[in-house]
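Read through the structure below, which is laid out as structure tokens, and then see the notes.
The values are calculated or read from the model by the stated rules, or taken from the named source; none is laboratory data. The shown structure was predicted, so the numbers you read here are calculated from the model rather than taken from an experiment. Because the Cβ atoms are built from the backbone with ideal geometry, glycine has one as well, and the counts that use them run over all protein chains shown. Areas reflect the complete protein model, heavy atoms only, side chains present, ligands, DNA and RNA absent. Shrake-Rupley method; radii C 1.70, N 1.55, O 1.52, S 1.80 Å.
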Amino acid sequence: MSEAKKTATLTIDGASYELPIHSPTCGPDVLDIRKLYGQAGVFTYDPGFTSTASCESTITYIDGEEGVLTHRGYPIGDLAGKSHYLEVCYLLLYGTLPTATELETFETTITRHTMLHEQMATFFRGFRRDAHPMAIMVGVVGAMSAFYHDSTDINDPLQREIASHRLIAKMPTIAAMAYKYTIGQPFVSPRNDLDYASNFLRMCFAVPAEDYEVNPILSRAMDRIFTLHADHEQNASTSTVRLASSSGANPFACIAAGIACLWGPAHGGANQACLEMLKEIGSVDRIPEFIARAKDKSDPFRLMGFGHRVYKNMDPRATVMKQSADEVLELLGVDDNPLLQVASELERIALSDPYFKEKKLFPNVDFYSGIILEAMGFPTSMFTPIFAMSRTVGWISQWKEQLSDPGHKIGRPRQLYLGEDVRAYTDIENR
Ligand code: CMC
């Protein structure tokens, strides 16, 4: 923990308490209230954690007002444009960009861990064919702790390292198998001569009767989608992973918890919900009706892919995603794609609408990703699994960081209790 150079004074009923203030490398100062309950006997109240820093971290920084996202100090635009997913994985996990030799070793390690224990294929067959692939992923990733006993000891740094590599390597295989299972096609094994993104595309789209020739432009676009989703600071699923891990749970159980949290439509499920919304809108002339619904407080409808807890400016990931959507659709010869037309016009109208301007609601990463994924041939149900596999490295990096902090504690929030005070039990005949 950084040394506090400033303090704030809190006065309650005439008694004063000095609270240390920590100054981060970037971003607002952080008031340290860890000793507050012990000293003053009060809790703080912050449902939704809108003003709470839950941990120290050196991995990712977001300036929501300026629309800035950096990983280990490198802007996301540079990483998406100049780097690639496995290099970003290395950066997130180890804190520095790899040398050529380090990258080669890392890529080889990940590539050599992509196969799943053969018995896991049997495990998939226990699911209904119409299961959502996210349901399968929550189950299968949780079940990895039953297959890989030699990497569940969180106190052994080597086992932690092996679990990290296994999760990053096997997640595309699991996501692709979940997809193949739900469409009734045989599983396609990973191939070690392909890069991470190409291998995933092939595992999804090849069939025994016909191999899948990976288009390098699509593979690059896929890799960029992975990179843009790799980590995002203490979001809901990452905080879920950290909370699950705080009890000492094994890494596979923690990542399964993160996948479950990601599934919700306010978080990673928004990419599926967004594309379904664009389809429901269907044509540019229906946009005003949906804008009106989004602004109507009596209607639960929200513009999916819009708004963010932290960004009060354009999500920098959305800017790259839109460029990528244009490139992919042009390559596929579908640049007159009606969904892209609806999305572009919806963005234009919303950004000039006083409601969205006043509330600082901008397109987020999920607004354009679905258009690219659908153009590549993925069904909407695969959008969130792709987010989950991309985010695995972020979850794992945050998990490793948490475990290497000697001061880490079990996460145990308190509450503002508004229920009944202690009362006498009434026998059933007297109620
Ligand atoms: N459409 C219409 N109104 C909205 C929207 C939206 N998409 N998002 C927020 N608002 C309004 C909301 O009604 C509220 O109005 P008021 O102050 O009058 O009550 C105000 O803006 C603030 O919203 P909030 O729900 O208090 O903000 P939050 O920080 O708790 O929620 C959010 C953030 C992302 C859950 C929310 O913006 C949302 O539901 N967006 C749609 C879902 C979505 O795209 N999620 C993906 C987020 S990015 C990727 C990820 O994290 O996984």
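Points worth noting:
- Odd one out for Met314, checked against (1) in contact with a helix residue (DSSP H, G or I) (Cβ under 6 Å, 6 or more places away or on another chain); (2) touching a residue at least 12 places away in the same chain (Cβ under 8 Å): (1)
- Subset of segment 388-417 [open to solvent by 10 Å² or more (accessible area, probe 1.4 Å), at pLDDT 95 or above and either closer than 27 Å to Val42 by Cα or touching a helix residue (DSSP H, G or I) at 6+ places or on another chain (Cβ under 7 Å) (or both)]: Lys400, Gln402, Leu403, Ile410, Gly411, Arg412, Pro413, Arg414, Gln415, Leu416, Tyr417
- Index of the failed condition, Leu262 passing every other in (1) within 27 Å of Glu233 (Cα to Cα); (2) more than 12 Å from the ligand (Cβ to nearest atom): (2)
- Checked against (1) part of a loop (DSSP other than H, G, I, E, B); (2) open to solvent by 10 Å² or more (accessible area, probe 1.4 Å), Phe378 passes all but condition (2).
- Selected residue (criterion: most open to solvent (accessible area, probe 1.4 Å)) from residues of segment 265-311 that are basic (Lys, Arg) and within 10 Å of the ligand (Cβ to nearest atom): Arg302
- The residue list Pro413, Pro379 contains one member that is over 20 Å from the mean Cα position of the chain (by Cα) and of a type outside the set (Gly, Ala, Ser), which is Pro413.
- The residue that is most open to solvent (accessible area, probe 1.4 Å), counting only those in segment 147-172 that are closer than 20 Å to Pro406 by Cα and of a type in the set (S, T, N, Q), is Asn155.
- Of the helices (runs of 4 or more DSSP H) entirely within segment 313-368, those holding at least 1 residues that are more than 15 Å from the ligand (Cβ to nearest atom) and surrounded by fewer than 21 Cβ atoms within 10 Å (Cβ to Cβ) occupy 316-331, 338-351.
- All told, Ala236 meets the bar of being surrounded by fewer than 19 Cβ atoms within 10 Å (Cβ to Cβ), within 12 Å of the ligand (Cβ to nearest atom) and either among the hydrophobic types (A, V, I, L, M, F, W, C) or in contact (Cβ under 8 Å) with a residue 60 or more places away in the chain (or both).
- Taking first residues from segment 66-83 that are within 12 Å of Asp315 (Cβ to Cβ) and partners that are basic (Lys, Arg) and surrounded by 14 or more Cβ atoms within 10 Å (Cβ to Cβ), the Cβ contacts under 7 Å between residues at least 6 apart in sequence or on separate chains come to Leu69/Arg317; Ile76/Arg317.
- The strands (runs of 3 or more DSSP E) found entirely in segment 1-115 that carry 3 or more residues being more than 16 Å from the ligand (Cβ to nearest atom) are 6-12, 15-22.
- Tally, over segment 189-208, of residues that are in contact (Cβ under 8 Å) with a residue 12 or more places away in the chain and open to solvent by 20 Å² or more (accessible area, probe 1.4 Å): 10
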